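Written below as structure tokens is the structure these notes are about.
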Amino acid sequence: MPTLHVIDKALASLTADAIIVGIGKGKTRPLLTPGAQAVDDVLDGKLPEALKVLSASGSEGEVTRIATLGAGPFPVVAAVGLGAPDEGGRYSAESIRRAAGSAVRTLRGRRNVLNALAYEADATEGSLDRIRAAGEGALLGSYRYLAYKSKTPPARDTPAQRVDLLVANAKDPALKAELRRIQAVFTAVTFTRDLVNAPPNDLYPAEFARRAEVAGKAAGLRIEILNEKALAKGRYGGVLAVGSGSDRKPRLVRMHYKPTVRAICKIAIVGKGITFDSGGISIKPAAKMDEMKSDMAGAAAMVATACLIAELGLPVELIATIPMAENLPSGTAYRPADVITFRNGKTAEITNTDAEGRVVLADAIARACEDAPDWLIETSTLTGAARIALGARTAGVMGSDDLRGRVIAASERSGEAMWAMPMPPELRKGLNSSVADLINANTDRLGGMLVGGHFLSEFVSEGTEWAHIDIAGPAFNSGSAWGYNPKGGTGVPIRTLLATIEDLITDAPVG
Ligand code: BES
Ligand code: MN
Ligand code: ZN
């Protein structure tokens, strides 16, 4: 894992194994950002010609590597495309974040890397956002999942060990807190990616709970783990039903953070933790079933977020309620037509055992509401329909108007793509059962993501502000790496959760 630093010395006086600069997409040729300009000055104005020879355009995702052959204090310049600037000549923080990730992924084998993506001679509006983006992108882009590789990869394949961000004033007191936040976010995202990428034969409910406990205790959280006995005693009918097909028994993990100062509000977080989703008796087709190891990405993100909030010492009380189960078919599995009773006494007739996420979440949300939180945020790889509607990179957000709006606004700051989704009242009828209070899956496939939201809303206490983030698309990247996103687990929506919680703190009513 690389370390991140800030530096404000003159470029000519610095040495490194490579330097990253941003170039924009201009009408006829790439545009030099201030960092690229500073490098060009050191290279005696030769950078535009080098970019031209190599056909660099400045488009997003493009990385052009130039050997300086002794002309500068760094052997390699990586000029990374930022796309076209806005009318003010500015690039979005997210384009900088992605560019930093692309550059770091390309610069394998370079130990010490200078990052001039957010460089400017004097701080201007949004400087700190761009520094955050350049730092986050570089660290997140360095991720690799090596836990199951029998050999350590060679040094020429190893990403940067140290990243120095070029800034106008390294002594700016705001930067110290910012560096700490970037590193903490990186740790949380890395933890989540590792959990999501872990194979389901090794990451089953009890083991997932154990890893949550280890991390939570290290962060100073109070941890409670309900095993199958405790789940039965607590009437968690949904978690038990979904977990009943597997020999690896379900768990419910509770993680409690209390700040040392007075808490501004109480936040409940809930995440779906299906360590493997075969569909159960309503079994899935074999194609891509392996990707269902990622069906615990919501839970992983919430475990990491609980640790992250504690790590940063934010002035909120936070309680995570995290159901973990494996959805398998077997002689003991729950089946279509079963009726189950949830923690809060409501009942559901199972029409499809593959709609298991909402079944475990119903219990978890009901339990979370017993703590009377001011806000409840839940995230899950809930529906394939979310991918049909929004594609693989955008999450769908449902819930009460205020909190849903705050999550969407936070996602615009964090750079994680999310879109607000409605819960049309007529879709609620699709969940009516002739036998129980609800069915768990509607028979037509209309508005599948929104029906999922409706089902969950049945378990949120009246008047509680809540949000549901369906991350079935962006939690797991089944394509190749892009920007700062590796193949596999991505860590979405941790950055938005943190930004939302920060907003709930700053925007709290005084009283
Ligand atoms: N875990 C899946 C949703 C999913 C699908 C996530 C693809 C990521 C990629 C979920 O448990 C599921 O199977 N949902 C069903 C619901 C349906 C039966 C109502 C779906 O989306 O088909
Ligand atoms: Mn399923
Ligand atoms: Zn699932």
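Quick look at the numbers
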quantity: Odd one out for Val163 among (1) touching a Phe, Trp or Tyr at 6+ places or on another chain (Cβ under 9 Å); (2) closer than 21 Å to Gly126 by Cβ; (3) crowded, with 21+ Cβ neighbours inside 10 Å; calculated: (1)
quantity: Lone unmet requirement of (1) within 16 Å of ligand 3 (Cβ to nearest atom); (2) surrounded by 18 or more Cβ atoms within 10 Å (Cβ to Cβ) for Met421; calculated: (1)
quantity: Members of region 465-481 that are out of contact with any helix residue (DSSP H, G or I) (no Cβ under 7 Å at 6 or more places or on another chain) and not in a strand (DSSP E or B); calculated: Pro474, Gly479, Ser480
quantity: Total residues in region 410-434, condition over 16 Å from the mean Cα position of the chain (by Cα) and closer than 16 Å to Ile469 by Cα; calculated: 4
quantity: Of residues in region 78-120 being over 23 Å from the mean Cα position of the chain (by Cα), among the hydrophobic types (A, V, I, L, M, F, W, C) and not in a loop (DSSP other than H, G, I, E, B), the one nearest to Leu11 (Cα to Cα); calculated: Leu114
quantity: Arg111 being surrounded by fewer than 18 Cβ atoms within 10 Å (Cβ to Cβ) and outside the structural domain of Ser246 (by TED's automatic domain parsing); calculated: yes
quantity: Condition check for Glu291: within 16 Å of ligand 2 (Cβ to nearest atom) and in a helix (DSSP H, G or I); calculated: yes
quantity: Output for region 230-242, where each listed residue is among the hydrophobic types (A, V, I, L, M, F, W, C) and open to solvent by 30 Å² or more (accessible area, probe 1.4 Å); calculated: Ala230, Ala232, Leu240
quantity: Selection within region 279-288 - of a type outside the set (Lys, Arg), within 13 Å of ligand 2 (Cβ to nearest atom) and either part of a helix (DSSP H, G or I) or open to solvent by 10 Å² or more (accessible area, probe 1.4 Å) (or both); calculated: Ile281, Ser282, Ile283, Pro285
quantity: Residue check, Ser380 hydroxyl-bearing (Ser, Thr, Tyr), open to solvent by less than 20 Å² (accessible area, probe 1.4 Å) and within 15 Å of ligand 3 (Cβ to nearest atom); calculated: yes
quantity: Residue match in region 296-306 (condition: open to solvent by 30 Å² or more (accessible area, probe 1.4 Å), within 15 Å of ligand 2 (Cβ to nearest atom), part of a loop (DSSP other than H, G, I, E, B) and aliphatic (A, V, I, L, M)); calculated: no
quantity: Leading residue by the ranking (most open to solvent (accessible area, probe 1.4 Å)) among those in region 187-229 that are in contact with an Asp or Glu (Cβ under 9 Å, 6 or more places away or on another chain) and small (Gly, Ala, Ser); calculated: Gly220
quantity: Selection count where residues are within 11 Å of ligand 1 (Cβ to nearest atom), in contact (Cβ under 8 Å) with a residue 40 or more places away in the chain and over 19 Å from Glu207 (Cβ atoms), scope region 279-335; calculated: 7
quantity: Failed item, numbered, when Phe476 is tested on (1) under 21 Å from Ile350 (Cβ atoms); (2) crowded, with 16+ Cβ neighbours inside 10 Å; calculated: (1)
quantity: When residues of region 307-329 are limited to those that are part of a strand (DSSP E or B) and touching a Gly at 6+ places or on another chain (Cβ under 6 Å), the one nearest to ligand 2 (Cβ to nearest atom); calculated: Asn327
quantity: Test: residue in region 341-357 that is buried (at least 20 other Cβ atoms within 10 Å of the Cβ), in a helix (DSSP H, G or I) and out of contact with any strand residue (DSSP E or B) (no Cβ under 8 Å at 6 or more places or on another chain); calculated: no
quantity: Output for region 260-278, where each listed residue is within 11 Å of ligand 1 (Cβ to nearest atom) and open to solvent by less than 10 Å² (accessible area, probe 1.4 Å); calculated: Lys272, Ile274, Asp277, Ser278
quantity: Test set (1) outside any helix (DSSP H, G or I); (2) free of Cβ contacts under 8 Å to residues at least 40 places away in the same chain; (3) surrounded by 21 or more Cβ atoms within 10 Å (Cβ to Cβ) - His454 fails condition number; calculated: (1)
quantity: Search result, residues across region 184-206 that are over 19 Å from Glu291 (Cα atoms) and over 17 Å from the mean Cα position of the chain (by Cα); calculated: Ala206
quantity: Residue within region 130-147 that is free of Cβ contacts under 8 Å to residues at least 24 places away in the same chain and assigned by TED's automatic domain parsing to the domain that holds Tyr91 present; calculated: yes
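The values are calculated or read from the model by the stated rules, or taken from the named source; none is laboratory data. None of these values were measured; they are calculated from a predicted model. In this analysis, Cβ positions are derived from the backbone assuming ideal geometry, glycine residues included, and neighbour counts consider all displayed protein chains. Surface accessibility is based on the protein's heavy atoms, side chains included, excluding ligands, DNA and RNA. Shrake-Rupley method; radii C 1.70, N 1.55, O 1.52, S 1.80 Å.
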